[in-house]
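Each remark here refers to the structure printed beneath this line.
Just so it is clear, none of the values below were taken in a lab; they were calculated from the coordinates. Just so we're clear, the structure is a prediction, and the values are computed from it rather than from any experiment. Quick reminder, even Gly has a Cβ in these numbers, built from the backbone with ideal geometry, and neighbours come from all protein chains shown.
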Amino acid sequence: MRIRHIGIIAIALLLTSGVALAQNQSSKASAQAGAVSVLESLDAYTTILSGGVHTSQQKDLFIGVSLECGLYTRTLSKSRGGNKDTSMAEAAVRVRVLIDGVEAAPGEVTFCRRSQELSATFQGLIDGCLSVVDGVVILDATCLLPEEIELVLDTMNANTFNFLHADAGVGSHTIEVQAMIDLGTSVDAGDAEARATLGKGSLTVEEVRLIKGEDVEL
């Protein structure tokens with residue numbers, strides 16, 4: 001059985017203790033930082049950080065997004081009779097940046113992702129299931145209890161990615177950082193759980209002139 005949930009991160013509190021730098025009409029850069037509190041999962045992208053910058057002439061925008069990204073996955077497998085049991089949990093946080101409603105390059109970025117799978121093959125607990133008849137040990141298979149094995153992982157790390165927006169026109173521009181979580185579980189006889197959270201975050205926007213026509217070789 002496989003269950004999959006895709007949703008956004010609904011924000012309970014945005015930028016509770018933030019700073020804003022150089023956000024006047026002649027600003028060349030903008031920055032915001034604060035705490036992001038996760039409330040629940042929904043079914044679309046939502047804005048978690050936002051900022052603005054004013055360009056006096058056509059320029060390119062260089063946007064840096066930094067976020068604490070947390071993942072929680074739990075898998076429990078139950079097995080008896082030598083049968084293999086598998087449980088899987090997946091969690092991911094995806095981020096994109098909008099400039100005046102237009103998605104910045106390179107589009108959606110996975111800030112953190114985990115796929116956890118746990119398999120077990122056990123005979124089963126046999127306490128109380130054995131009897132001796134005429135010197136022969138008999139196992140009552142109907143009273144075997146499944147053996148269990150469980151794996152839980154809970155991590156939080158900070159990641160940064162740079163987004164680009166070419167040829168921003170003259171005037172004021174609104175920058176929005178949006179996030180969505182992707183959760184999935186798959187179980188047989190066991191159980192699984194997956195969660196994704198965001199912690200502190202920051203957004204920086206810089207007005208630059210990008211080199212045109214350059215190729216990058218990897």
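Taking the stretch 49-76 and a reference point 7 angstrom along Cα→Cβ of S172, the backbone N atoms nearer than 14 Å belong to 51-56. The trypsin sites (Lys or Arg not before Pro) of the stretch 139-211 that meet both conditions, a loop assignment by DSSP and at most 11 other Cβ atoms within 10 Å of the site Cβ, are R209.
Each residue of the stretch 98-106 was assigned a 3J(HN,Hα) from its phi angle through the Karplus curve 6.51 cos²θ - 1.76 cosθ + 1.60 (θ = phi - 60°); the sequence is 10, 10, 6, x, 9, 5, 7, 6, x Hz, with glycine and proline shown as x.
The H on the amide N of S50, modeled in the peptide plane, is under 5 Å from the matching H of V177, each at least 5 residues off or on a different chain. The charge dipole of the stretch 89-173, taken about its Cα centre with unit charges on the Cβ of Lys, Arg, Asp and Glu (plus for the first two, minus for the last two), comes to roughly 480 debye. Dipole magnitude for the stretch 66-218: computed about the Cα centre from +1 point charges on Lys and Arg Cβ and -1 point charges on Asp and Glu Cβ, it is near 160 debye.
The GluC sites (Glu not before Pro) found in the stretch 70-152 that occupy coil by DSSP, while having at most 15 further C-beta atoms within 10 Å, are E108.
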